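The structure appears right after this line, and notes come after that.
Readers should treat all values here as calculations from the given coordinates under stated rules, not as data from a laboratory. Not measured: the values here are computed from a predicted model. Please note: Cβ atoms are built from the backbone with ideal geometry, for glycine as well, and neighbour counts cover all protein chains shown.
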Amino acid sequence: MRYDAVAIVASTRGLGPLRRLLERLPANLPVPILCLVLAEASLAARLSDETGRDVCWAAPGQAIEPGRVYLSPPGGTLLLDADYRMMVAPFGPESTALHPQDRFLETIAARYGSRALCIVLGGFEEDGVAGARALKGKGGTVLVLDRATADYLGMAEPIIRAGDCDRILAAEEVAEALRGWFTPRDVIECAELQFELGTLLDSALRMSGTHMGNVQLFDPGTQALYIVAHRGFAKRMLDDFVVRTQDETACARALRYRQRIVIEDIDADAQYDRYRGFAAAAGFRAVQSTPIFSDARVAGIFSTHYPYSHSVGPHEGRMLDHIVLQAQPLVVRFSV
């Protein structure tokens, strides 16, 4: 994905969505997450415990590191200097006359430009329009929380009214879209891909009589498959689900052999020995994986998983082929 930093704005009303967003983000997200928050002194430790992420308070002069979550400390606003080191301005989000949200977003725009993603989970009174406009002017992406899923309506209304956001999405949709971080696409495109592939996956699961499956894209740079749409997998399973070309999972074999692989009973498949613990934890006993082609190469894999021993008969096979054919233009468009 084309971002080098994620900036999040969360007033008190946005702290619930902030927790939901952080706990759903991919564990290997390779960018820093910079948060302007209005919170008490226990928030960093609490978010670390609840989300399993490395969450800390921003400290003046500290260099930012990929994968870490930095919160503006109580009574201060997080800013960045020209060397990408943190500064803490001597006022807090409660001082709305000083527009901390604008200053926060303006410094993100100045340092990252089009490589910045901003997510507004809860805005401050009449603040943020100028900052969002500055970020948009530099080519960055501004998202605001979906009002249908917000705890309070109107949390980012000034930015929405001014037309300075790209899209209104739920926090969970943003987190899932960021699973496409290894592609050159932006978060909106990834959210659209996930929605469309998820619809096809739902159809496949209904017709196959199961509840678990995923769609993976192949990254030729790392020679690995990464999940971009899924159903039925817990987050801890997804974070461990990176498949290499040389592995003996069904999806890796489908990638290598360029054909559908069906493992009717993983307990009876000697090559699957090292993955049985993962399968048991995830809750499946059988799996099929079908390659999705882009001309002569495999661009992705479409898999369905079953909680019982299962063979893919001719009717199910034709149905899977039809759905894979529908998924092909989406996967090809996003192939890296």
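What is the set of long-range amide H partners of Leu80 at a cut-off below 5 Å, with H atoms built 1.01 Å from backbone N?
Met87
Calculated FRET efficiency, Gln62 and Glu172, Cβ-Cβ r, R0 25 Å, to nearest 0.05?
0.25
What FRET efficiency do you get for Ala27 and His315 if R0 is 56 Å and r is their Cβ-Cβ distance, rounded to the nearest 0.05?
After rounding to 0.05, the efficiency reads 0.90.
By how many nm would the segment from Arg276 to Met87 grow when fully extended, if each residue of separation counts as 0.36 nm and the alpha-carbon distance is taken off?
Going from the current span to full extension adds 63.2 nm.
State to the nearest 20 debye the size of the charge dipole of the chain about its Cα centre, where the only charges are +1 on K and R beta carbons and -1 on D and E beta carbons.
Using only the charged Cβ atoms, the result is roughly 580 debye.
Once amide H atoms are built 1.01 Å from N in the peptide plane, which residues 5 or more positions from Glu248, or in another chain, come under 5 Å H to H?
none
May I ask you to evaluate 6.51 cos²θ - 1.76 cosθ + 1.60, the Karplus curve with θ = phi - 60°, for each residue of the stretch 324-329 and list the ³J(HN,Hα) values in order in whole Hz, giving x for glycine and proline?
4, 5, 6, 6, 3, x
In whole Hz, with x marking every Gly and Pro, tabulate ³J(HN,Hα) for the stretch 63-68 from phi via Karplus 6.51 cos²θ - 1.76 cosθ + 1.60, θ = phi - 60°.
3J(HN,Hα) across the stretch 63-68, in whole Hz: 7, 7, 10, x, x, 8.
Using a Gaussian network model of the chain whose springs link C-alpha atoms within less than 10 Å, name the residue from Asp273, Asp219, Asp247 with the highest mean-square fluctuation.
For the chain, modelled as a Gaussian network with Cα springs under 10 Å, the answer is Asp273.
Provide Cys118, Cys251 in ascending order of the number of other Cβ atoms located within 10 Å of each residue's Cβ, fewest first.
Cys251, Cys118
Just to confirm the filter: which GluC sites (Glu not before Pro) across the stretch 191-258 are DSSP coil and have at most 12 other Cβ within 10 angstrom of their Cβ?
Qualifying residues, ordered by number: none.
Mean residue ellipticity at 222 nm from the helices of the chain, using -39,500 (n - 2.57) per DSSP H segment of n ≥ 4 over the full residue count, to the nearest 500 deg cm²/dmol?
That comes out to -10500 deg cm²/dmol.
State the extension gain, in nm to one decimal, for the chain segment bounded by Met207 and Ala41, taking 0.36 nm per residue of separation less the distance between their alpha-carbons.
Additional length available on full extension: 54.7 nm.
Taking a ≥ b ≥ c as the square roots of the Cα gyration tensor eigenvalues, with a/c under 1.5 meaning rounded and otherwise prolate when a/b beats b/c, else oblate, which class fits the chain?
prolate
Tell me which residues come under 5 Å, amide H to amide H, from Val120 once H is placed; ignore anything under 5 positions away on its chain.
Excluding prolines and chain starts, which carry no amide H, the hits are Val9, Leu143, Val144, Leu145.
Would you work out which of Val129, Ser11, Thr249 lies farthest towards the positive end of the dipole of the chain, given +1 charges on the beta-carbon of Lys and Arg and -1 on that of Asp and Glu, about the Cα centre?
Thr249
Starting at the first residue of the stretch 249-258, write each ³J(HN,Hα) from the Karplus equation 6.51 cos²θ - 1.76 cosθ + 1.60 with θ = phi - 60°, in whole Hz, x for Gly and Pro.
Here the 3J(HN,Hα) series is 5, 4, 5, 5, 5, 4, 5, 5, 8, 6 Hz.
Between Arg333 and Ser294, with labels modelled 7 Å along Cα→Cβ, what's the label distance in nm to one decimal, could you check?
Here the answer is 1.3 nm between the modelled labels.
Using 7 Å Cα-to-Cβ label points, what is the Lys235/Thr199 separation (nm, one decimal)?
Placing both labels 7 Å along Cα→Cβ, they lie 2.7 nm apart.
Based on the alpha-carbon gyration tensor of the stretch 185-334 and its eigenvalue square roots a ≥ b ≥ c, which shape applies: rounded if a/c is under 1.5, prolate if not and a/b is larger than b/c, or oblate?
Verdict is rounded for the stretch 185-334.
What's the FRET efficiency of Asp267 with Arg244 using the Cβ-Cβ distance as r and R₀ = 22 Å, to the nearest 0.05?
That pair, Asp267 with Arg244, gives E of 0.45.
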